[in-house]
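The values are calculated or read from the model by the stated rules, or taken from the named source; none is laboratory data. On a predicted model such as this, the values are computed, not experimentally measured, just so you know. Please note: Cβ atoms are built from the backbone with ideal geometry, for glycine as well, and neighbour counts cover all protein chains shown. When the accessible area is computed, the model is the full protein with side chains, heavy atoms only, and any ligands, DNA or RNA have been set aside. Shrake-Rupley method; radii C 1.70, N 1.55, O 1.52, S 1.80 Å.
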Amino acid sequence: MSTRPTVTLYIAISLDGFIIRPKGQLEWLSKDNKTDEDYGYNAFFSRMDGLIMGRNTFDDVLSLGVWPYSGKTAYVLTDQDDINADGVIPFTGTGEELMAQIGQQHQQLWLVGGSETVKGFLNHGLVDEVILSLLPVTKGEGNPLFLPTGRQQPWKLAGMRTFGSGLVQLHYHKEAA
């Protein structure tokens, strides 16, 4: 029996490996989606009972004007305990400390981003599932999804979906090390 929730990295990425534009702009995600397809997002979101993100990602999402994660507990890894938003819990420790603290309060947590937060969770073996939505666009610059962790982790392909828009979704589960 697991002593912590399952953590899923579910994220969109450009063909050249970027998750966000250089100045934190996220608009490319909706602008490049030229269909009404949700790419499995609603089903995914409904099975998550909480989410984790870094402070920069939190601020970038807030800049969109509408908090898209209503009804879910959101943990924000931050250096400052200055967040006052409904359902958002600031956490000033590491991802590893957060997971130890919340224990079994949740079953499924979505690791939203950004690069440093993803790096920390991968480095400590805390990501159990990865769902990458590979968008058919190159950005040329921005923040990469994967930063060096110094840790090798094997993954098993659980599925792959292709969409008419050119988006490819890859789904992996962590293999035992």
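For Leu157, the requirement of being assigned to a strand (DSSP E or B), free of Cβ contacts under 8 Å to residues at least 24 places away in the same chain and closer than 26 Å to Glu37 by Cβ is met.
Kindly evaluate Thr162 against the criterion of being in contact (Cβ under 8 Å) with a residue 12 or more places away in the chain and polar (S, T, N, Q). Answer is no for this residue. So, in the stretch 155-175, how many residues would count as being over 19 Å from the mean Cα position of the chain (by Cα), at negative phi and open to solvent by less than 50 Å² (accessible area, probe 1.4 Å)? Summing the residues that are over 19 Å from the mean Cα position of the chain (by Cα), at negative phi and open to solvent by less than 50 Å² (accessible area, probe 1.4 Å) in the stretch 155-175 gives 2. Could you tell me whether any residue of the stretch 96-105 is at pLDDT 95 or above and either in a strand (DSSP E or B) or under 25 Å from Gly166 (Cα atoms) (or both)? Within the stretch 96-105 (the criterion being at pLDDT 95 or above and either in a strand (DSSP E or B) or under 25 Å from Gly166 (Cα atoms) (or both)), the answer is no, since none of the residues qualifies.
Count, please, the residues in the stretch 15-38 that happen to be at pLDDT 65 or above and out of contact with any Ser or Thr (no Cβ under 6 Å at 6 or more places or on another chain).
Going through the stretch 15-38 one residue at a time, the tally reaches 8.
Return the residues of the stretch 73-101 that are buried (at least 17 other Cβ atoms within 10 Å of the Cβ), in contact with a Leu (Cβ under 8 Å, 6 or more places away or on another chain) and not hydroxyl-bearing (Ser, Thr, Tyr); say none if nothing qualifies. Result: Ala74, Leu77, Phe91, Gly95, Leu98, Met99. A Cβ distance below 9 Å, combined with a sequence gap of six or more or placement on separate chains, defines the contacts here; from the stretch 107-118, residues that are on the phi > 0 side of the Ramachandran plot reach residues that are assigned to a helix (DSSP H, G or I) in the pairs Gly113/Asn56; Gly113/Thr57; Gly113/Asp60. Please verify whether Glu116 is surrounded by fewer than 19 Cβ atoms within 10 Å (Cβ to Cβ), out of contact with any Ser or Thr (no Cβ under 8 Å at 6 or more places or on another chain) and under 17 Å from Arg55 (Cα atoms), treating the condition exactly as stated. Judged against the criteria, Glu116 is a match.
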